[in-house]
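The values are calculated or read from the model by the stated rules, or taken from the named source; none is laboratory data. Here the structure is a predicted model, which is why all the values come from computation and not from measurement. Here Cβ is always computed from backbone atoms with ideal geometry, including for glycine, and neighbour counts include all displayed protein chains. Protein only, heavy atoms only, side chains kept; ligands, DNA and RNA dropped before computing areas. Shrake-Rupley method; radii C 1.70, N 1.55, O 1.52, S 1.80 Å.
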Amino acid sequence: MERTHKASLARFSTLKIGGEADQLCVPATADELLVLMDGLKGNSEPWHILGGGSNILISSKGVPGTVIRLTQLTEILHPEPEVVEAGTGARLPHVARYAASIGLSGLEFAVGIPGTVGGAVVMNAGAHGSAIADVLESVTLFDTTTWNTVTWSAADLGFAYRKSNLNPEIQIVLSARFRLTGDAQDRINNQMRANEEYRWRTQPLGWPSAGSTFTN
């Protein structure tokens, strides 16, 4: 596991601002994350979860304790004919393109969202009239209230517009399962291309951003 003391966090945020973390840890596997959490608990150290950094503002004063960056937990699997399972750190565009490559539709809306699976589940990310709530089947979490790994169904998450029941200071997303539908790859790719082109036409590129500011 990668560990850095007095690590600048600005480069891990799309806004490109933020102070230092006392310690930055980047686990390579879910098992490494759980071992890290046990160590932090034993030392009574504060901790904070950081994903892709695309919807967050990091204080310029810095962050006390340990910041845990989950962007190495990126495994994407195809365990059932119409299911894709992705690690919390997998980028949404990568998951959408993987689904398209095996002829599964439902994640086309996510191809232009620059976030990770974990953050997308927590905030019910969406675009083009669709959202994570439409395709999520279940999520695997590490629950720090019970210190156990558990699975919640989509119904357990209480999805609403850009929010869920998940509290990232208590529940840490490890992976998510998406229930999709089969379709022709050409049709899926055409829809993703149309979604990307719309984003390019309507949103400025190359500027630091934290995503949408106002409720649609």
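At-a-glance table
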{"quantity": "Number of the exception - Thr116 against (1) crowded, with 22+ Cβ neighbours inside 10 Å; (2) more than 30 Å from Asp22 (Cβ to Cβ); (3) not basic (Lys, Arg)", "calculated": "(2)"}
{"quantity": "Answer residue from the range 19-60, given it is free of Cβ contacts under 8 Å to residues at least 60 places away in the same chain, open to solvent by 20 Å² or more (accessible area, probe 1.4 Å) and part of a loop (DSSP other than H, G, I, E, B) and is farthest from Leu73 (Cα to Cα) among those", "calculated": "Ser60"}
{"quantity": "Residue identified as open to solvent by 80 Å² or more (accessible area, probe 1.4 Å), of a type in the set (Gly, Ala, Ser) and more than 20 Å from Arg91 (Cα to Cα) among Ala155, Ala184", "calculated": "Ala155"}
{"quantity": "Residue in the range 85-95 that is hydroxyl-bearing (Ser, Thr, Tyr), touching a residue at least 60 places away in the same chain (Cβ under 8 Å), within 16 Å of Ile172 (Cα to Cα) and buried (at least 19 other Cβ atoms within 10 Å of the Cβ) present", "calculated": "yes"}
{"quantity": "Test: residue in the range 1-9 that is under 17 Å from the mean Cα position of the chain (by Cα) and closer than 22 Å to Leu92 by Cβ", "calculated": "no"}
{"quantity": "From Leu92, Leu157, Leu70, residue being modelled with pLDDT of 95 or more and either more than 26 Å from Leu205 (Cα to Cα) or touching a Lys or Arg at 6+ places or on another chain (Cβ under 7 Å) (or both)", "calculated": "Leu157"}
{"quantity": "Number of the exception - Arg11 against (1) open to solvent by 60 Å² or more (accessible area, probe 1.4 Å); (2) over 30 Å from Glu196 (Cβ atoms); (3) free of Cβ contacts under 8 Å to residues at least 40 places away in the same chain", "calculated": "(2)"}
{"quantity": "The range 187-216, subset of a type in the set (Val, Ile, Thr) and free of Cβ contacts under 8 Å to residues at least 24 places away in the same chain, residue most open to solvent (accessible area, probe 1.4 Å)", "calculated": "Thr213"}
{"quantity": "Residue match in the range 136-152 (condition: closer than 27 Å to Ile58 by Cα and in a helix (DSSP H, G or I))", "calculated": "no"}
{"quantity": "Failed item, numbered, when Leu77 is tested on (1) modelled with pLDDT under 95; (2) under 19 Å from Thr116 (Cβ atoms); (3) surrounded by fewer than 16 Cβ atoms within 10 Å (Cβ to Cβ)", "calculated": "(1)"}
{"quantity": "Every residue from the range 109-150 that is within 22 Å of Arg201 (Cβ to Cβ) and over 16 Å from the mean Cα position of the chain (by Cα)", "calculated": "His128, Gly129, Ser130"}
{"quantity": "Filter result for Glu82 (farther than 20 Å from Ile113 by Cβ, open to solvent by 50 Å² or more (accessible area, probe 1.4 Å), charged (D, E, K, R) and in contact with a Leu (Cβ under 8 Å, 6 or more places away or on another chain))", "calculated": "yes"}
{"quantity": "Condition check for Ala131: within 20 Å of Leu50 (Cα to Cα), open to solvent by less than 20 Å² (accessible area, probe 1.4 Å), among the small types (Gly, Ala, Ser) and without any contact (Cβ under 8 Å) to a residue 60 or more places away in the chain", "calculated": "no"}
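Residues checked against (1) within 20 Å of the chain's Cα centre (by Cα); (2) in a loop (DSSP other than H, G, I, E, B):
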| site | (1), (2) |
| --- | --- |
| Phe178 | yes, no |
| Asn190 | no, no |
| Tyr198 | no, no |
| Trp207 | no, yes |
| Ser212 | yes, yes |
